[in-house]
Amino acid sequence: MKRFIFISIILICGCKEKKVPMDVQRNFLELEPNALHPVWTNEGDIFQVDYTLDSRHTSSYFDTKGNWLETETEISVDELTHEVLQTLNTKMGEYMMIDIERVSTKNGEVLFEVDLKKDDKTYDILFDPNGKILRKKI
């Protein structure tokens with residue numbers, strides 16, 4: 001009986017997954033040939049692959065045609081620009097940092113995404129290298 005339930009769960013879950021197109025997989029391997037343990041997910045027409053690169057958790061995003069959109073790499077607070085740190089200290093000093101990522105975009109931009117927590121709310125803040133807040137989500 002347990003085996004039947006396990007197989008049923010696998011079949012049900014498998015039906016909801018969208019197959020990763022070969023162009024997406026190929027372009028990912030060209031972009032990050034040294035990536036370890038890739039795990040694919042998708043939401044709508046965006047494919048996300050989570051993997052380890054240089055001992056860091058990294059996520060890359062692709063469209064259905066295999067076009068690379070952006071890559072997010074976990075970094076330490078020491079890797080933020082002075083300007084981003086200054087904005088964090090002056091405008092969000094009472095918030096606790098949860099997660100920090102460097103975001104490389106298809107346009108050649110390097111941005112910084114910082115997840116902050118205050119009380120029971122979590123904030124997702126996107127900065128440019130000069131410390132300007134580009135996006136703030138709760």
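Accessible area per residue, 1.4 Å probe, Å², for region 19-138: what's the number?
It amounts to 61 Å² per residue over region 19-138.
Which residue fluctuates the most in the chain, going by a Gaussian network model with Cα springs under 10 Å, if the choices are ASP45, ASP124, ASP63?
For the chain, modelled as a Gaussian network with Cα springs under 10 Å, the answer is ASP45.
Run the simple label-point estimate for ASP99 and ASP54 please: 7 Å along Cα→C-beta, distance reported in nm.
2.0
Cross-link list LYS18/LYS121; LYS65/LYS117; LYS106/LYS136: which exceed 28 angstrom alpha carbon to alpha carbon?
Among LYS18/LYS121; LYS65/LYS117; LYS106/LYS136, the Cα-Cα distance tops 28 Å for LYS18/LYS121; LYS65/LYS117.
Add -39500 (n - 2.57) for each DSSP H run of 4 or more in the chain, then divide by its residues: what number comes out at 222 nm, to the nearest 500 deg cm²/dmol?
Mean residue ellipticity at 222 nm (helix-derived): -8000 deg cm²/dmol.
With θ set to phi - 60°, apply the Karplus curve 6.51 cos²θ - 1.76 cosθ + 1.60 along region 103-119 and write out the HN-Hα couplings as whole Hz, x wherever there is a Gly or Pro.
Rounded to whole hertz, the list is 10, 9, 9, 5, 8, x, 7, 10, 10, 10, 10, 10, 9, 10, 10, 9, 6.
Pull up all non-local amide H partners of GLY131: gap of 5 or more, or a different chain, and H-to-H distance under 5 Å with H placed in the peptide plane.
VAL84
Along region 46-55, what does the Karplus equation 6.51 cos²θ - 1.76 cosθ + 1.60 (θ = phi - 60°) give for ³J(HN,Hα), rounded to whole Hz, x for Gly and Pro?
So the Karplus estimates, Gly and Pro as x, are 10, 9, 10, 10, 9, 7, 10, 9, 6, 6 Hz.
Can you return the aspartates and glutamates within cross-link range of LYS118? Criterion is Cα-Cα under 15 Å, with same-chain partners fewer than 8 residues away left out.
GLU94, ASP99
With contacts defined as alpha carbon pairs under 8 Å and 6 or more residues apart, what's the relative contact order of region 15-59 in percent?
28
For P(r) over Cα pairs in 5 Å bins from 0, in percent, the choices are [x] 2, 9, 16, 21, 20, 16, 9, 5, 1, 0; [y] 2, 9, 16, 17, 15, 14, 12, 8, 5, 2, 1, 0; [z] 2, 10, 18, 21, 16, 12, 9, 6, 4, 2, 1, 0; which was calculated from the structure?
Answer label, from the structure shown: [y].
Report, to the nearest whole %, how much of the accessible area of region 40-138 belongs to carbon and sulfur atoms, 1.4 Å probe, protein only.
45
Let me check against my output: what whole-number percent is the relative contact order of the chain, with C-alpha pairs under 8 Å and at least 6 apart?
This gives 14 percent for the chain.
Can you work out the FRET efficiency for the pair ILE46 and LYS136, with r the C-beta to C-beta distance and R0 = 25 Å, to the nearest 0.05?
0.70
Select from the chain the helices, each a whole stretch of DSSP H, whose alpha-carbon atoms run 20 Å or more along the helix axis and whose Kyte-Doolittle mean is at least -0.5; answer none if there are none.
Membrane-span-like by this criterion, though nothing is claimed about a membrane: 2-16.
The values are calculated or read from the model by the stated rules, or taken from the named source; none is laboratory data. Since this is a predicted model, take the numbers as computed values, not measurements. Note that each Cβ is placed from the backbone with ideal geometry, even for glycine, and that neighbours are counted across all protein chains shown. Areas reflect the complete protein model, heavy atoms only, side chains present, ligands, DNA and RNA absent. Shrake-Rupley method; radii C 1.70, N 1.55, O 1.52, S 1.80 Å.
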